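Reviewing the structure listed below.
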Amino acid sequence: MADIAPATVHLVGAGPGDPELLTIKAVRLIRDARLIVHDGLVSDDILTLAGPQTELVSVAKQRSRHSMPQEAINALLVRFALAGEPVVRLKGGDPFIFGRGGEEVDACRAAGVPVEVVPGISAAIGAAAQAQLPLTHREASSAVSFVAGQCKGLTDQDWSGLAGKGRTLVIYMGVATAADIADKLMADGVSPAIPVAVLENGTRADMRSLRTLLADLGDMVAREEVKSPALIVVGDVAAHALARDVLADWAAKGESISEMRS
């Protein structure tokens, strides 16, 4: 192996699911690849773009755990590249938005492996576009923040000032902790009546866009049986989305928006 020049690892963003949202470069790399190491969120429609010569290796997450630890994924990429085997590392969304792309780049650099990053449309950008939800809007929001609902545990995360008037908060991986997220934000002073959109299976044929109020978020996720992958968008911009309003329970409880604002 000492005489073999390391091959390049391409970290390729597969976007949120719709193959028509891939970059031209991503499509070329996928079609020409001999080896693709892919996440579980990469859609079948995208994987079918690979040629008959391509070996597909899945490192999908199951029950909040990788089928192999991240360190093992890093080692796998390096091992193939050092053996002279070019690797397309296909990641859902964008590699550098909650995709652990930074860790994989670091591992390649440390091993002397050439690495190139091909950006993809992030889940937030793609899902919001399909729902016609502007993450920024002159009348509603001049700032947007992206956070992960499960990365380190909610108690370890400081979201102070990220949600509220004039701001948009986009939460990845927050379905399982939706009720805790709502409680956390309201405890930090965010109005219980601020609009919230939940975007499930963004850009795919079965996408759902649901809208409620922050105080109803946890109950709504349970009521509507929302499943991952789904994003939670908190802010007045959610009122602009093409989404189904699911506020019937508030009427049944006799609560009004004005009462929740007080």
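At-a-glance table
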{"quantity": "Candidates Ala205, Ala197, Ala215, Ala182 - the one that is closer than 27 Å to Val42 by Cα, crowded, with 18+ Cβ neighbours inside 10 Å and in the same structural domain as Gln132 (by the TED database)", "calculated": "Ala197"}
{"quantity": "The range 13-48, subset under 19 Å from Gly84 (Cα atoms) and aliphatic (A, V, I, L, M), residue surrounded by the fewest Cβ atoms within 10 Å (Cβ to Cβ)", "calculated": "Leu35"}
{"quantity": "Residue count, the range 97-121 (criterion: open to solvent by 30 Å² or more (accessible area, probe 1.4 Å) and either acidic (Asp, Glu) or at positive phi (or both))", "calculated": "6"}
{"quantity": "Per-region count, the range 158-188, residues in contact with a strand residue (DSSP E or B) (Cβ under 7 Å, 6 or more places away or on another chain) and part of a loop (DSSP other than H, G, I, E, B)", "calculated": "6"}
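So that you can scan it fast, the table gives a plain yes or no per residue for (1) part of a loop (DSSP other than H, G, I, E, B); (2) over 18 Å from the mean Cα position of the chain (by Cα); (3) farther than 22 Å from Gly126 by Cα:
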site	(1), (2), (3)
Pro6	yes, yes, yes
Lys25	no, yes, no
Leu29	no, yes, no
Ile36	no, yes, yes
Leu41	yes, no, no
Ile46	no, no, no
Ala50	yes, yes, yes
Gln53	yes, yes, yes
Val57	no, yes, yes
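The values are calculated or read from the model by the stated rules, or taken from the named source; none is laboratory data. Note that the structure is predicted; figures quoted are calculated from it, not measured. Backbone-built Cβ (ideal geometry, glycine too); neighbour counts: all protein chains shown. All accessible areas refer to the heavy atoms of the entire protein, side chains included, with ligands and DNA or RNA removed. Shrake-Rupley method; radii C 1.70, N 1.55, O 1.52, S 1.80 Å.
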